[in-house]
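Trainee: Sharing a structure below in structure tokens format, with a few things to ask.
Since every read-out is calculated from the coordinates, none of them should be taken as a lab result. No experiment lies behind these values; they were computed from the predicted model shown. Every residue, glycine among them, receives a Cβ derived from its backbone with ideal geometry; neighbour counts consider all protein chains shown.
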Amino acid sequence: MPKDKLRAAALGGSADDVEMAFYEAMQNGDIERLMACWSDEEDIVCVHPGGPRVLGALAIRATFESMFSNGTIQAHPQRLRKVESLTSAVHSVIETIQILTPDGPREAYVTATNVYHRTAQGWRLVVHHASPGTESDAPEIEDAPQVLH
């Protein structure tokens, strides 16, 4: 399928739709669909847990291709927090990752930030930054709600 048609098929009309397509592509090991989620801008950035900053589409593609050579990435975003404007959206998620250990399959948790820009082609991912997580679901720290009288 041509790249433009692939993008149209893979992506809907919102940053949420692009995020869903991004994680589905990881779960299916679909490099073309995954890269269709990214912006065509030169300055796109990806940081995998504990890894270096990866800059540009070719380098980002190479890192995901390398990961896919070991199988799919079973990352499932949860607990979405988002800040949106007319032209950008920032999503903070907790990724539940299925990993194989010597003791069998386990879940791990990764904290990820995904930044989207609205481009002429629609919403596109410009930053994916995933931080090493924990083997247990860590509690979130947030402000206590303030009561106004």
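Trainee: Using a Förster distance of 25 angstrom, determine the FRET efficiency expected from the C-beta separation of Arg81 and Leu58, and round it to 0.05. Walk me through the numbers on the way to the answer.
Mentor: Details: r = 31 Å, r/R0 = 1.24.
It comes out at approximately 0.20.
Trainee: Which ³J(HN,Hα) values, rounded to whole Hz and listed in residue order, are derived for segment 31-44 from phi using the Karplus coefficients 6.51, -1.76 and 1.60 in 6.51 cos²θ - 1.76 cosθ + 1.60 with θ = phi - 60°, glycine and proline given as x?
Mentor: Ordered by residue, 3J(HN,Hα) equals 5, 5, 5, 4, 5, 5, 6, 7, 5, 7, 4, 6, 8, 5 Hz.
Trainee: Starting from segment 11-104, pick out the GluC sites (Glu not before Pro) whose DSSP state is loop and whose Cβ has at most 11 other Cβ atoms within 10 Å. If you can, show how the numbers build up before the last one.
Mentor: Numbers: sites: Glu19, Glu24, Glu32, Glu41, Glu42, Glu65, Glu84, Glu95; in loops: Glu41, Glu42.
Loop-located and lightly packed - Glu42.
Trainee: Return the sequence-ordered ³J(HN,Hα) values of segment 57-63 in whole Hz as given by the Karplus equation 6.51 cos²θ - 1.76 cosθ + 1.60 applied to θ = phi - 60°, using x for Gly and Pro.
Mentor: Values, residue by residue: 4, 5, 5, 5, 4, 4, 5 Hz.
Trainee: Next up: According to the Cα gyration tensor, what semi-axes, each the square root of 5 times an eigenvalue, does the equivalent ellipsoid of segment 3-134 have, listed from largest to smallest in whole Å? Could you put the intermediate results ahead of the total?
Mentor: On the way: eigenvalues 109, 54, 38 Å².
Whole-Å semi-axes of the equivalent ellipsoid: 23, 16, 14.
Trainee: Calculate one ³J(HN,Hα) per residue across segment 77-84 by plugging θ = phi - 60° into the Karplus curve 6.51 cos²θ - 1.76 cosθ + 1.60, and present them in order as whole Hz with x for glycine and proline.
Mentor: Ordered by residue, 3J(HN,Hα) equals x, 9, 6, 5, 10, 9, 10, 10 Hz.
Trainee: For segment 57-120, what does the alpha-carbon gyration tensor say about shape, rounded, prolate or oblate, given a ≥ b ≥ c as the root eigenvalues, a/c under 1.5 as rounded, and a/b over b/c as prolate? Could you put the intermediate results ahead of the total?
Mentor: Details: a/c = 4.28, a/b = 1.51, b/c = 2.84.
Oblate, since a/c reaches 1.5 and b/c is not below a/b.
Trainee: Estimate the FRET efficiency between Ser69 and Thr101 by the formula 1/(1 + (r/R0)^6), using the beta-carbon distance for r and 30 Å for R0, to the nearest 0.05. Intermediate results must be reported in sequence, preceding the final value.
Mentor: Numbers: r = 20 Å, r/R0 = 0.65.
For R0 = 30 Å, the calculated efficiency reads 0.95.
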